[in-house]
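The structure appears right after this line, and notes come after that.
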Amino acid sequence: MPLARLQFELPKNSKPADYVEELITETKLVRDRDLEFSRIFLDTFDWRLFDQGFILVADSLEGRFRTTWQTLYAAEILGVLTSEQVPIFVGDLPGGRMQRILRPVMEMRALLPQSRLECVQQRLRLSNRNEKTVVRLNFESYTIEDTHGVRKKLCPRIYVEAVRGYDKAFVAIADWLQYRHNLHPPVDNLMVSALNKVGRHPRDYSSKFDFKLELSMRADSAVRIILRGQFSVLELNEHGTKQDIDSEFLHDFRVAIRRTRVLLGQSKDILPNALIDHYNREFAWLGKATGSVRDLDVYLLNFEGYRTALPVSIRNDLQPLQEFLEAKKKVAQSELVTVLKSRRYERLKKEWRQLLARTIDEKPFEFLAATRVQQIADARIWRVYTIVRQKGRTIGPDTPAARLHRLRIHCKKLRYLIEFFGSLYPEKQIRRTLKSLKELQDNLGSFQDLEVQVKTLQQYSSEMMASRIEARTLLAMGVLVQELEKQCAVVRTDFVQRFDDFDSAENRKLFTSLFENER
Amino acid sequence: MKTLALYSIKGGVGKTAAAVNLAYLAASDGAKTLVWDMDPQGSSSFYFRIKARVRGGGKGLIGRKTELDQLIKGTDFDNLDLLPSDFSFRNLDLYLDNSKKPIRQISKILKPFVEEYDYVFLDCPPNISLLSESVFGAANALISPIIPTTLSIRTLMQLEKYIEGHTGCRAVLLPFFSMIDVRRKLHREVVEHLREDFPYLLKAQIPYASDIEQMGLHRAPVLHFAAHSRAANAFQQLWNELKVCLVDL
């Protein structure tokens, strides 16, 4: 049961002290020591808590942090953590309910300070005959610093906090504020008000693809819009990738590179071909430089799964593998940072930014540049869709893994193309095209991951043997490889069903109706 | 949700002090915690400054005529709630005896709170009765304070035997030494002797300390008003040890 809390916003120029004095005179409320502290609003980079209607608020009090888990709109308190450090990962939150609910929301993402304000809190409480607190009132005044270092004030707020089982006092105080002083709840959550004050808003980053293209748009214009969007994602994730804040920064950074490359590959005769070749090379170089860290991130993210795949008696024997992976990751991360600080990368960004900012030519040289975007989208999606179907149909139980890998890449291209141009088509039907494609991709992705993991683990065990690793660790790794091979076989068997679903008559009809028109 | 019963056949061994301080520590870790003061003396309720009275009494509670949700009170501490005691709890055995499947009653009463609380501490009255059986059926662990006297050996053995012969008990017995006065030779000898015979006794031991007695004056857990005291430190060690034991329960 969440802790009931009411919030009221005070009029712009009013002083909380006036209300405090009046309350103390008229009621038996007791005043506690005022507090001054920093309040930090925590969420993941991509606002996962906000999306689920939650918020984590960390108050820095006397060298410790009191972090409250609140509902976004009602500001009810769902849980409290007092700790020396601000929680970063879900594992830093209290085990039990808070972790159980927030783990699937946050997954591997780190909590970041999305906004910070300075708070002066005047605290009142009402006690009963046993000196037991039965209701709390906090009068809060805030200042926030904008990006230029200018301090701005926010409207003060009052929070009335119920103590479970003592509703009468809560209702009486709430009525006093609401009816006697005609105070109203604020329109926005405090974090939203704080962000707005400095010109920001929640969800100002999302890794999801949401562009709205217009049917009448020229192909070169649409391609530039999408490429600009991908470049923005890449730049936004660069800092987190360099700092290794969490593994999703690099993931999103890599997805932006891949999407850029896929679109460049599909932009022949829309953008200058020499330019496509050059930037395809440069982004391929960048993508390759990020590969090792991502592979190691995947192993480390899967590590708990590896452990639990083993019999309980040998789970701990796998520990040296984790240490080995972490050490390897450290080296790979440092190499990646070198690349991200290199002149080549800086030049790539500078030139690419300038190119994307250029206005489009009225009379372009490339013969498809001025074509209507939908015509291009239809043709490109249909072509890749046909390739996926053709290649998928030739895959049997003995087909080499490399061909499934190639099919996976075609599926990825198809997925990106549908996402790039999805806004040109009816939303509901686009969602349907993606459903079975996503399932097929998941299957092919799992197969590829497991295949690579088996090979890499075998390679790692050779490397670890050189550093005199204990035999029991090698044995545990052997058992793990067997387990992964079993899982790989199951996934491979499941491919037939996943592909049949994708290649179903209903799905073919859907793809035909949407994309075949201009073929 | 993990249900931990502070239980002993003997009275005056430090059950309530342990329940209050361990629950405070669990809540300080950020876990949503409930203390159910089952003892009609209402000491836990007193320590949390909450009136020992329950609307509908024990009869309403066991018969589930009163919604438990309506009876829970928030303490002055984050994450920590209390289901207060009531003088009618002296008759809980009678009410249980009149109910269907009495041994499952406590478990059933707590069922709606499985999602809400991470820990429930049952501060049990000192006896061995139908209520104890119902507690055994609901608890994941029986945390039992043992004072270092010769009689304690007998009590611990009695409890062990009782649990072994009790098919409805799913709880693990986790005894610890309580109210130890290391200046007393007898205490030192009994501790040494019992540790040999009962190797599963928890390592942490709670001293006989005036800080614990002062809980009555402060009406708060030791950890709140004397956070750096020897007693507070001992409860912290006990909680750390218990958390490890509770992982697999």
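The values are calculated or read from the model by the stated rules, or taken from the named source; none is laboratory data. Worth saying up front: this structure is predicted, and the values here are computed from it rather than measured. Every residue, glycine among them, receives a Cβ derived from its backbone with ideal geometry; neighbour counts consider all protein chains shown.
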request  = State which residue is surrounded by the fewest Cβ atoms within 10 Å (Cβ to Cβ) when the search covers only the range A:181-197 and only residues that are within 23 Å of the chain's Cα centre (by Cα) and closer than 29 Å to residue A:235 by Cβ.
outcome  = A:196
key: Residue tally, condition more than 23 Å from the chain's Cα centre (by Cα) and touching a residue at least 12 places away in the same chain (Cβ under 8 Å), over the range A:46-64   = 5
Residue check for residue B:248: within 30 Å of residue A:132 (Cα to Cα), out of contact with any His (no Cβ under 8 Å at 6 or more places or on another chain) and among the charged types (D, E, K, R) = no
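One line per residue, one yes/no per condition, for (1) under 30 Å from residue A:378 (Cβ atoms); (2) surrounded by fewer than 19 Cβ atoms within 10 Å (Cβ to Cβ):
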{"site": "A:417", "(1), (2)": "yes, no"}
{"site": "A:430", "(1), (2)": "yes, yes"}
{"site": "A:435", "(1), (2)": "yes, yes"}
{"site": "A:462", "(1), (2)": "no, yes"}
{"site": "A:480", "(1), (2)": "no, no"}
{"site": "A:501", "(1), (2)": "yes, yes"}
request  = Please enumerate the residues belonging to the range A:74-108 that are within 12 Å of chain B (Cβ to nearest Cβ), charged (D, E, K, R) and surrounded by fewer than 18 Cβ atoms within 10 Å (Cβ to Cβ).
outcome  = A:92, A:100
task = State whether the residues of the range B:12-24 include one that is assigned to a loop (DSSP other than H, G, I, E, B), crowded, with 18+ Cβ neighbours inside 10 Å and modelled with pLDDT of 95 or more.
result = no
message = So, in the range B:32-46, exactly how many residues are touching a helix residue (DSSP H, G or I) at 6+ places or on another chain (Cβ under 8 Å) and within 11 Å of chain A (Cβ to nearest Cβ)?
response = 4
key: Single match in A:284, A:332, A:289 (criterion: in a helix (DSSP H, G or I), over 28 Å from residue A:265 (Cα atoms) and among the small types (Gly, Ala, Ser))   = A:332
remark   = Scanning the range A:180-208 for residues that are assigned to a helix (DSSP H, G or I) and at pLDDT below 85 gives A:180
query = In the range A:146-171, what count of residues is obtained for those that are exposed (fewer than 14 other Cβ atoms within 10 Å of the Cβ) and either within 32 Å of the chain's Cα centre (by Cα) or under 13 Å from residue A:9 (Cα atoms) (or both)?
reply = 8
request  = Might you check whether a residue that is under 25 Å from the mean Cα position of the chain (by Cα) and either among the charged types (D, E, K, R) or closer than 23 Å to residue A:487 by Cβ (or both) occurs anywhere in the range A:276-288?
outcome  = yes
query = Can you name the residue in the range A:3-30 that is assigned to a loop (DSSP other than H, G, I, E, B), of a type outside the set (S, T, N, Q) and within 28 Å of residue A:197 (Cβ to Cβ) and is also nearest to the chain's Cα centre (by Cα) among such residues?
reply = A:4
ask   = Which of the following residues is within 14 Å of chain A (Cβ to nearest Cβ), more than 14 Å from the chain's Cα centre (by Cα), farther than 25 Å from residue A:94 by Cβ and modelled with pLDDT under 90: B:55, B:64, B:104, B:90?
value = B:55
task = Check off (1) away from every other protein chain (no Cβ under 14 Å); (2) closer than 25 Å to residue A:206 by Cβ; (3) surrounded by 15 or more Cβ atoms within 10 Å (Cβ to Cβ); (4) without any contact (Cβ under 8 Å) to a residue 60 or more places away in the chain for residue A:67 and give me the number that stays unchecked.
result = (1)
